[in-house]
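*Asks:* Before we start, here is the structure in question, set down as structure tokens.
No lab work stands behind these numbers, since they all come straight from the coordinates. Because the structure is predicted, anything quoted here is derived from the model rather than measured. Methodologically, a virtual Cβ is constructed for each residue, glycine included, from the backbone with ideal geometry; neighbour enumeration extends over all protein chains shown.
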Amino acid sequence: MPHPHLFITGFAPFGGSPVNPSAQAAEVLARVGVPGMDVHHIATLPVVGGTGSGSACRALIASLSEWAPFSDGDVLVCLGESMRADCLHVERVAVNRRSYRIADNAGTVVEEAPVVAGGAIAHFSALPVDDLCEAARHAGVPCQPSGDAGTFLCNEILYHALELSHAGRAPRRVGFIHVPQLPEQAAQQGRPESSMPLDETVRGLRAALGFLANP
């Protein structure tokens, strides 16, 4: 029986940093694999909000369209960088709210706007959040559930991904995981404790996502 597909996205660098550990982790996972899954790093998404040309939403739609239709076992997991996390965070909820603390990479700042006008107040992750956290911790990597994905691009792309899933344009199983900054990033910002080496991040993600191998 063929393995289910695991589609992974990361984000491009932002906020003045030359790297983004979410994109790096996605690249490594596609190379080393996840037990029981066929892994595809389908996009490094631009840190650009909205739905216009050049946005993360448009890039996600274009990447997913190359793989449709999807089977019941397929999974989409979007990864993003957290500047404050000291462990992996598996997100429970995407809220219909955009409120940027900093400008996106197009220079846009948004204050109190919806992700989708007239859309649902929130969408819940379609992944077993607590089980993924337990699997990562079993592999020796700290991981905890998170109540929501914030109000910047990570939340925005999770909300769009779940909307696409509900419309049959993305896999049925969709979720988001925040990864900590790399130690060198956090050290430059004076927060060395809010970081995780890339190899540890990848080890935790492999363990967590391996739980999804059996739909």
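*Asks:* Rounded to the nearest 20 Debye, what is the dipole magnitude of the chain about its Cα centre when Lys and Arg each give +1 and Asp and Glu each give -1 at the C-beta?
*Replies:* Rounded to the nearest 20 debye, it is 160 debye.
*Asks:* Go through the stretch 92-196 and name the trypsin sites (Lys or Arg not before Pro) that are in a DSSP coil and have 12 or fewer other Cβ atoms within 10 Å of their Cβ.
*Replies:* R101
*Asks:* Starting at the first residue of the stretch 119-136, write each ³J(HN,Hα) from the Karplus equation 6.51 cos²θ - 1.76 cosθ + 1.60 with θ = phi - 60°, in whole Hz, x for Gly and Pro.
*Replies:* Karplus values, whole Hz, x for Gly and Pro: x, 4, 4, 7, 10, 8, 3, 9, 10, x, 3, 5, 5, 5, 4, 5, 5, 5.
*Asks:* Could you give the semi-axes, largest first, of the ellipsoid that matches the chain, computed as the square roots of 5 times the alpha carbon gyration tensor eigenvalues and rounded to whole Å?
*Replies:* So the three semi-axes of the chain are 23, 22, 15 Å.
*Asks:* Follow-up. In whole Hz, with x marking every Gly and Pro, tabulate ³J(HN,Hα) for the stretch 137-142 from phi via Karplus 6.51 cos²θ - 1.76 cosθ + 1.60, θ = phi - 60°.
*Replies:* Along the stretch 137-142, the couplings run 5, 4, 7, x, 10, x Hz.
*Asks:* Just grab the label-to-label distance for D38 and E66, each label 7 Å out from Cα along the Cβ direction, in nm (one decimal).
*Replies:* Taking the simple label geometry, D38 and E66 are separated by 1.5 nm.
*Asks:* Tell me what the chain gives for mean residue ellipticity at 222 nm when only DSSP H runs of n ≥ 4 count, each as -39,500 (n - 2.57), the sum divided by the residue total, rounded to 500 deg cm²/dmol.
*Replies:* -9000 deg cm²/dmol
*Asks:* For R173, what residues show an amide H to amide H distance below 5 Å, using hydrogens built from the backbone and excluding near sequence neighbours?
*Replies:* Sorted by chain and number, the residues that satisfy this are L76.
*Asks:* Answer with one residue from P128, N20, L76: the one whose Cα lies farthest towards the positive end of the charge dipole of the stretch 5-213, charges on Cβ with Lys, Arg +1 and Asp, Glu -1.
*Replies:* So the residue furthest toward the plus end is L76.
*Asks:* What is the distance in Å between the Cα centroid of the stretch 49-70 and that of the stretch 80-149?
*Replies:* Centre-to-centre (Cα) distance: 19 Å.
*Asks:* Between A120 and R84, what's the calculated FRET efficiency when r is the beta-carbon distance and R0 is 25 Å? Round to 0.05.
*Replies:* Working from the Cβ atoms, E equals 0.40.
*Asks:* For the stretch 85-192, go through all pairs of different Cα atoms, get the mean of 1/r, take its inverse, and jot down that Kirkwood value in Å.
*Replies:* Radius from the Kirkwood sum: 15.0 Å.
*Asks:* A follow-up question, please. Going by how many other beta carbons lie within 10 Å of each one, how would you line up I121, I177, I157, I42, fewest first?
*Replies:* I121, I42, I157, I177
*Asks:* Between D148 and S99, what is 0.36 nm times their sequence separation minus the Cα-Cα distance? Round to one decimal in nm.
*Replies:* Extra length from D148 to S99 when fully extended: 16.3 nm.
*Asks:* Tell me the Kirkwood radius of the stretch 158-215: reciprocal of the mean inverse pair distance over distinct alpha-carbon atoms, in Å.
*Replies:* By the Kirkwood definition, the hydrodynamic radius is 13.6 Å.
*Asks:* Related question: Applying the Karplus parametrisation 6.51 cos²θ - 1.76 cosθ + 1.60 with θ = phi - 60° to the phi angles of the stretch 59-65, what ³J(HN,Hα) value in whole Hz is obtained for each residue in order, glycine and proline being reported as x?
*Replies:* The phi angles translate into 5, 5, 4, 5, 5, 5, 4 Hz.
*Asks:* If each residue of separation counts as 0.36 nm, what is the full-extension length gain between D131 and E27 once their alpha-carbon separation is subtracted?
*Replies:* 35.1 nm
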